[in-house]
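Q: This is the structure I want to talk about, given as structure tokens.
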Amino acid sequence: MQESQNNKRELDLNAAELLLDEWKWRHQHCWRFISRWGLSALTVALLPYVSVFHDGFTFLRGLGRAVFLFPLASIALAQVAIWLFAAEYVRCRPVEAMYNKALGRYSANVSAKMVTDKMVRGVAQLTILVVGSCSVLLYLLNILFLFRINNFPVRSGLNLTFVIGSIVLGVFLIGADLKLARISSREVSRRIKEQQLTDDSVH
């Protein structure tokens with residue numbers, strides 16, 4: 001009996017080591033989406049402000065209204081970063097839970113072994129909301145600054161429609177990111193519960 005328990009313990013520790021390696025890879029991969037895609041989004045957003053200092057004009061001023069493609073591309077890249085981050089987080093978090101379960105009472109992270117439906121205030125969910133909100137704010141400020149730099153009349157028909165459309169888009173994206181945070185939380189909880197049911201049925 002004692003030998004059987006020792007063998008099981010050894011198998012759990014070996015499984016925990018493999019799970020830890022997988023979690024490390026997925027965790028790093030998860031945050032790379034935010035850093036790489038986020039930096040790309042910021043770079044694209046700042047491109048219209050590259051200046052030629054000797055004459056005081058922005059380098060991209062000659063593009064006219066096509067200059068607004070840069071903030072649009074920037075917000076698109078930021079959203080891609082958020083969605084890829086959320087997708088990888090959904091895969092990463094259950095691995096962490098399995099790792100802590102394999103460690104059993106030796107795990108220092110007690111909360112990671114607990115399954116809950118309310119995880120909206122987790123680090124990943126807050127990251128989704130903060131990055132999403134900041135990207136929308138940057139997008140709207142970018143639109144405003146480009147209007148002022150290029151002296152486009154905001155109150156003219158087409159320009160006003162574009163500004164209103166940009167605000168509506170920003171509100172929509174914030175709502176979508178909030179929903180994404182909730183969906184990722186529920187999906188993680190569902191996967192962890194399924195894994196626990198599978199383990200219980202095996203044992």
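Q: Quick test for you: out of L144, L158, L129, pick the one residue that is of a type in the set (A, V, I, L, M) and within 24 Å of the chain's Cα centre (by Cα).
A: Answer to the check: L129.
Q: A follow-up question, please. When both residues are 6+ apart or on different chains and their Cβ atoms are under 7 Å apart, which pairs have a first residue that lies in segment 175-198 and is surrounded by 17 or more Cβ atoms within 10 Å (Cβ to Cβ) and assigned to a helix (DSSP H, G or I), and a second that is polar (S, T, N, Q) and at pLDDT below 85?
A: That search, which allows pairs on different chains as well, returns S189/T116.
Q: While we're here: Condition check: at pLDDT 75 or above, within 20 Å of R186 (Cα to Cα) and surrounded by fewer than 19 Cβ atoms within 10 Å (Cβ to Cβ). Does R32 satisfy that?
A: no
Q: From the list K101, K24, pick out the single residue that is modelled with pLDDT of 70 or more, more than 25 Å from the chain's Cα centre (by Cα) and within 29 Å of V123 (Cβ to Cβ).
A: K101
Q: Look at segment 131-160 and say how many of its residues are assigned to a helix (DSSP H, G or I), surrounded by fewer than 13 Cβ atoms within 10 Å (Cβ to Cβ) and at pLDDT below 90.
A: So the answer is 4.
The values are calculated or read from the model by the stated rules, or taken from the named source; none is laboratory data. Since this is a predicted model, take the numbers as computed values, not measurements. Backbone-built Cβ (ideal geometry, glycine too); neighbour counts: all protein chains shown.
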